[in-house]
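Taking it in order: structure first as structure tokens, then the write-up.
The values are calculated or read from the model by the stated rules, or taken from the named source; none is laboratory data. It should be emphasised that the depicted structure is a prediction, and the values quoted were computed from it without experimental measurement. Ideal geometry is used to build each Cβ from the backbone, glycine not excepted, and the neighbour counts take in all protein chains shown.
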Amino acid sequence: MFIDDISNNQEKFKVSFINEINDLQLPTFVIYVTNSVLGSESLTEEFESLPLPCNCESLCKETCACSAKVNMYLDGKLSESYNNSIGPIVECSDFCTCISTCPNRVVQHGLQFSLDVFLTERTGFGVRSKEFIPKYSFVCEYAGEIIDEHEAELRLKKQSSGESNYIYVIKEHISNNKCIKTIIDPTFVGNVGRYLNHSCSPNLFSVPVRVGSMIPKVCFFAKENILPLVELTYNYGEKCTADGNSSKCARKCQCQSLNCCGYLPFVDENWIT
Ligand SMILES: C[S@@+](CC[C@H](N)C(=O)[O-])C[C@H]1O[C@@H](n2cnc3c(N)ncnc32)[C@H](O)[C@@H]1O
Ligand SMILES: [Zn+2]
Ligand SMILES: [Zn+2]
Ligand SMILES: [Zn+2]
């Protein structure tokens, strides 16, 4: 089973599908998008404001208003000094006066490596890279439908316990105890990110990035140097402390890492709120 490019040329690098185990195909109902789409009118208002652009000439430096005086990126990768307490990354965009090679533009240029969606031995479909990925490189985004809490709860209720869950909730803590919550569901409309599996010892981590819009892009970066054909994974949630009887972590984790906690960080009724 092989598909040369499941993105149909929408991505800069091919995203191939390969199943060397059986004749299972990818779900045909998934519409491939490279950026998240708003799932309802009400959300349009919520994300209507725009990040303020900079008026730098040519290439932005540390003083650029977009990068908030902190170098989030270095040589097209996340800077070693990045930590998410610095705040979200805001890249320069079409509204800025700098040029497209400005160093504060990374994830907006899209994929940098050719990826495979493949059938894993234990965890359904997964993702791997055909090429070596250096530490701190941008790997891919988690794109899907942006939905509200009510819709997310409806969708979760409809899921049976054995079904894959794709809903991703980002909670960004901003000043005075305020929190911005964004919910992404790539179940029906999504990109390669929907096929990333969980590991208790992952090789990717996520960072919210904004590019000319207040809708956060959930972007995965390499935690370490990653060899070709090694499965790409991230940690789906907070530490899993479950004993298996808890509804939070009912599903057995198959990541097989030495520090596997045994269960997938999973959802309960308080997960979305
Ligand atoms: C976002 S999807 C990942 C792609 C999925 N494997 C597929 O075939 O479409 C999340 C689902 O994958 C499965 N999964 C991911 N990581 C896993 C792990 N470490 N152990 C067991 N199942 C896992 C679970 O069914 C989970 O609900
Ligand atoms: Zn710039
Ligand atoms: Zn700018
Ligand atoms: Zn595990």
Taking Cys98 and the conditions (1) in contact with a strand residue (DSSP E or B) (Cβ under 9 Å, 6 or more places away or on another chain); (2) modelled with pLDDT of 95 or more, which numbered condition does it fall short on, given that it satisfies the others?
(1)
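Of the residues in the range 107-127, how many are more than 16 Å from ligand 1 (Cβ to nearest atom) and touching a Ser or Thr at 6+ places or on another chain (Cβ under 9 Å)?
Quick first cut of the range 107-127, residues more than 16 Å from ligand 1 (Cβ to nearest atom) only: 107-114.
When the remaining residues are screened for being touching a Ser or Thr at 6+ places or on another chain (Cβ under 9 Å), the result is 108-114.
Counting residues in the range 107-127 that are more than 16 Å from ligand 1 (Cβ to nearest atom) and touching a Ser or Thr at 6+ places or on another chain (Cβ under 9 Å) gives 7.
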Checklist (1) among the aliphatic types (A, V, I, L, M); (2) away from ligand 3 (no atom under 11 Å from the Cβ); (3) loosely packed, with under 12 Cβ neighbours inside 10 Å applied to Val37, failing item:
(3)
Which of (1) assigned to a strand (DSSP E or B); (2) touching a Leu at 6+ places or on another chain (Cβ under 8 Å) is the odd one out, the single condition Cys102 does not satisfy?
(1)
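Please find, among Lys69, Lys61, the residue that is at pLDDT below 95 and exposed (fewer than 13 other Cβ atoms within 10 Å of the Cβ). Walk me through it before giving the result.
Details: Lys61 fails: exposed (fewer than 13 other Cβ atoms within 10 Å of the Cβ).
When all the criteria are applied, what remains is Lys69.
Here's the yes/no breakdown for (1) more than 16 Å from ligand 2 (Cβ to nearest atom); (2) closer than 25 Å to Gln10 by Cα:
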| position | (1), (2) |
| --- | --- |
| Val30 | yes, yes |
| Asn71 | no, no |
| Cys102 | no, yes |
| Val106 | no, yes |
| Lys130 | yes, yes |
Working carefully through the options Ser175, Ser213, find the one that is touching a residue at least 40 places away in the same chain (Cβ under 8 Å), surrounded by fewer than 22 Cβ atoms within 10 Å (Cβ to Cβ) and hydroxyl-bearing (Ser, Thr, Tyr).
Ser213
Inside the range 233-269, the number of residues satisfying the requirement of being of a type in the set (Ser, Thr, Tyr), in a loop (DSSP other than H, G, I, E, B) and either modelled with pLDDT under 85 or buried (at least 19 other Cβ atoms within 10 Å of the Cβ) (or both) is 3
Within the range 52-89, track down each residue that is within 16 Å of Gly212 (Cα to Cα), within 25 Å of the chain's Cα centre (by Cα), in a loop (DSSP other than H, G, I, E, B) and not small (Gly, Ala, Ser).
Leu52, Pro53, Cys66, Pro88
At least 1 residues that are among the hydrophobic types (A, V, I, L, M, F, W, C) and within 16 Å of ligand 4 (Cβ to nearest atom) in each: list the strands (runs of 3 or more DSSP E) lying fully within the range 139-221 that qualify.
204-211
Based on what the data block shows, is Glu20 part of a loop (DSSP other than H, G, I, E, B) and in contact (Cβ under 8 Å) with a residue 12 or more places away in the chain?
yes
Note down all Cβ pairs under 6 Å where the first residue falls in the range 95-109 and is over 17 Å from Asn35 (Cβ atoms), the second is of a type in the set (S, T, N, Q) and assigned to a helix (DSSP H, G or I), and they're at least six residues apart or on different chains.
none
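Being among the charged types (D, E, K, R), modelled with pLDDT of 95 or more and away from ligand 3 (no atom under 16 Å from the Cβ) is true for just one of Lys178, Lys157, Lys130. Which residue is that? Outline the logic, then answer.
Numbers: Lys178 fails: modelled with pLDDT of 95 or more; Lys157 fails: modelled with pLDDT of 95 or more.
Of Lys178, Lys157, Lys130, the one residue that is among the charged types (D, E, K, R), modelled with pLDDT of 95 or more and away from ligand 3 (no atom under 16 Å from the Cβ) is Lys130.
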With the first residue restricted to the range 121-144 and required to be surrounded by fewer than 18 Cβ atoms within 10 Å (Cβ to Cβ), and the second required to be outside any loop (DSSP other than H, G, I, E, B) and modelled with pLDDT of 95 or more, Cβ contacts under 6 Å at 6 or more apart or on different chains are Lys135/Ala222
